[in-house]
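What follows is a single structure, written as structure tokens, with notes after it.
The values are calculated or read from the model by the stated rules, or taken from the named source; none is laboratory data. Just so it is clear, the model here is predicted, and its values are computed rather than measured. Cβ coordinates were reconstructed from backbone atoms using ideal geometry, including for glycine residues, and neighbour counts include every protein chain displayed.
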Ligand code: NDP
Ligand code: MG
């Protein structure tokens with residue numbers, strides 16, 4: 001596990017220790033990117049419950065200015081950012097408190113995350129759009145609580161190298177990766193045989209392909225255990241979310257693709273397993289509530305009482321596990337393939353998936369077209385082993401165009417840039 005940066009790596013463990021000034025003298029100041037989303041509002045709930053330990057330095061959203069203004073009135077951050085210039089123009093300045101400076105665009109996000117008044121950045125924008133803010137924070141050596149898995153799917157090796165180079169800490173928020181991170185603590189890479197990510201199986205668990213051809217966005221958006229934003233909810237229904245998480249684990253923990261496995265666990269209580277060389281397996285259990293991994297990433301390594309739900313041992317009964325149906329949920333296999341190939345594959349798969357999910361939600365794609373189209377776009381791109389960030393951005397744009405051109409009978413033909 002040469003690239004490991006979490007849990008068992010002594011370099012990481014040292015870097016992840018909180019500085020005594022944080023704990024003894026003042027709350028940690030949080031810059032929250034994606035504050036109006038599902039992870040964003042859960043993060044604010046954690047802050048609301050721990051006012052002595054956490055405060056909001058800045059908030060950023062895309063276009064929901066009214067919601068952002070309400071958050072600013074409650075938390076009084078120094079900065080608020082709207083990434084969308086149209087929303088920035090429309091926003092009623094008088095809805096924001098006088099303590100808050102309202103800014104616009106990617107430069108403003110960079111200003112917020114690199115500000116000396118920011119201790120920890122929560123990266124909770126959805127999609128590849130989250131990469132820029134995460135990158136700026138790591139470049140400035142900040143601690144990043146990473147929910148935006150797409151950052152690592154698109155540019156895992158570049159992002160983890162940057163974090164190591166700048167002495168920045170990258171702490172997982174994704175529940176499976178938080179579970180693995182917790183189980184790895186105190187162990188060396190040589191101790192670990194493999195990790196097993198748990199998957200709820202989504203709303204279509206147990207269904208076969210013919211039953212999925214005609215499912216609607218409304219059906220796919222009904223997740224059985226988690227309340228999340230629409231993109232990740234569709235990813236959970238296709239199992240693309242688990243595919244992205246395999247790639248995320250590959251880069252975050254420096255594991256070989258062969259050391260990562262997936263098991264379906266419908267109750268979403270066990271958030272993942274780590275299997276050690278001696279055959280021992282450690283797991284982390286808690287109800288499905290993102291406020292727990294968010295709080296741990298914000299206050300690591302401290303464990304304090306917070307808002308997250310607790311296991312009710314009176315109601316606790318069976319925990320079930322089953323093998324994923326890799327044939328029906330073809331997206332999962334793409335994750336293993338991309339984790340093995342690395343290079344340009346993550347950026348292409350991620351962009352193709354974002355565009356395909358958008359088309360499914362608009363009614364332009366059938367549910368199973370998402371994985372079909374992603375495979376077609378991935379196989380038609382010009383693979384490179386060590387791409388630059390610029391090359392990855394160009395491929396991201398290319399893959400989105402290819403999805404727009406794709407139809408079920410015709411695979412993309414334009415050469416990638
Ligand atoms: P949501 O769709 O609920 O929220 C997305 C947030 O990102 C909103 O604040 C939105 O602003 C903002 N945003 C959207 N597009 C842009 C853009 N182009 N530039 C800047 N900001 C933008 O997503 P989730 O909270 O569900 O997910 C966020 C991330 O966390 C994803 O990467 C997801 O995979 C990951 N994650 C989520 C989990 C969950 O439980 N939800 C669990 C584990 C990981 P606006 O509202 O103004 O549009
Ligand atoms: Mg997850």
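Structure notes:
- Condition check for residue 350: out of contact with any strand residue (DSSP E or B) (no Cβ under 9 Å at 6 or more places or on another chain) and buried (at least 18 other Cβ atoms within 10 Å of the Cβ): yes
- Per-region count, region 198-216, residues in a helix (DSSP H, G or I) and surrounded by fewer than 18 Cβ atoms within 10 Å (Cβ to Cβ): 3
- Exactly one residue out of 231, 242 is at pLDDT 95 or above, under 18 Å from the mean Cα position of the chain (by Cα), crowded, with 18+ Cβ neighbours inside 10 Å and within 12 Å of ligand 2 (Cβ to nearest atom): that is 242.
- For region 150-177, the tally of residues that are within 14 Å of residue 125 (Cα to Cα) and touching a strand residue (DSSP E or B) at 6+ places or on another chain (Cβ under 9 Å) stands at 4.
- Scanning region 104-134 for residues that are free of Cβ contacts under 8 Å to residues at least 60 places away in the same chain, in contact with a helix residue (DSSP H, G or I) (Cβ under 7 Å, 6 or more places away or on another chain) and over 22 Å from residue 161 (Cα atoms) yields 104, 105, 106.
- One residue from 268, 200, 178, 236 being within 13 Å of ligand 2 (Cβ to nearest atom) and at positive phi: 268
- Region 181-197, subset in a strand (DSSP E or B) and either surrounded by fewer than 22 Cβ atoms within 10 Å (Cβ to Cβ) or within 16 Å of ligand 2 (Cβ to nearest atom) (or both), residue nearest to the chain's Cα centre (by Cα): 197
- Residue that is farthest from ligand 2 (Cβ to nearest atom), among those in region 144-168 that are crowded, with 24+ Cβ neighbours inside 10 Å and outside any helix (DSSP H, G or I): 144
- Residue 301 over 19 Å from residue 41 (Cα atoms), out of contact with any strand residue (DSSP E or B) (no Cβ under 6 Å at 6 or more places or on another chain) and touching a residue at least 24 places away in the same chain (Cβ under 8 Å): yes
- Per-region count, region 276-311, residues under 17 Å from residue 245 (Cβ atoms) and surrounded by fewer than 20 Cβ atoms within 10 Å (Cβ to Cβ): 2
- Among the numbered conditions (1) closer than 22 Å to residue 157 by Cβ; (2) within 12 Å of ligand 1 (Cβ to nearest atom), the only one that residue 249 does not meet is (2).
- Residue list for region 312-333, restricted to those being at pLDDT 95 or above and in a loop (DSSP other than H, G, I, E, B): 319, 320, 321, 323, 324, 325, 326, 327, 328, 329, 330
- Residue match in region 379-387 (condition: outside any loop (DSSP other than H, G, I, E, B), within 16 Å of residue 346 (Cα to Cα), at pLDDT 95 or above and out of contact with any helix residue (DSSP H, G or I) (no Cβ under 8 Å at 6 or more places or on another chain)): yes
- Only one of 365, 336 that is within 19 Å of the chain's Cα centre (by Cα) and either more than 23 Å from residue 198 (Cβ to Cβ) or surrounded by fewer than 23 Cβ atoms within 10 Å (Cβ to Cβ) (or both): 336
- Among residues of region 34-79 being surrounded by fewer than 23 Cβ atoms within 10 Å (Cβ to Cβ), in contact (Cβ under 8 Å) with a residue 60 or more places away in the chain and near ligand 1 (Cβ under 9 Å from one of its atoms), the one that is nearest to the chain's Cα centre (by Cα) is 38.
- Taking the criterion of being at pLDDT below 95 and either crowded, with 19+ Cβ neighbours inside 10 Å or within 16 Å of ligand 2 (Cβ to nearest atom) (or both), the only residue of region 13-33 that qualifies is 16.
- Meets criteria (touching a residue at least 40 places away in the same chain (Cβ under 8 Å), in a helix (DSSP H, G or I), within 16 Å of ligand 1 (Cβ to nearest atom) and surrounded by 21 or more Cβ atoms within 10 Å (Cβ to Cβ)) for residue 178: yes
- Filter pass, residue 84 being surrounded by fewer than 24 Cβ atoms within 10 Å (Cβ to Cβ), within 12 Å of residue 109 (Cα to Cα) and out of contact with any helix residue (DSSP H, G or I) (no Cβ under 7 Å at 6 or more places or on another chain): yes
- Which numbered condition residue 273 fails, given (1) more than 20 Å from the chain's Cα centre (by Cα); (2) under 30 Å from residue 50 (Cβ atoms); (3) modelled with pLDDT of 95 or more: (1)
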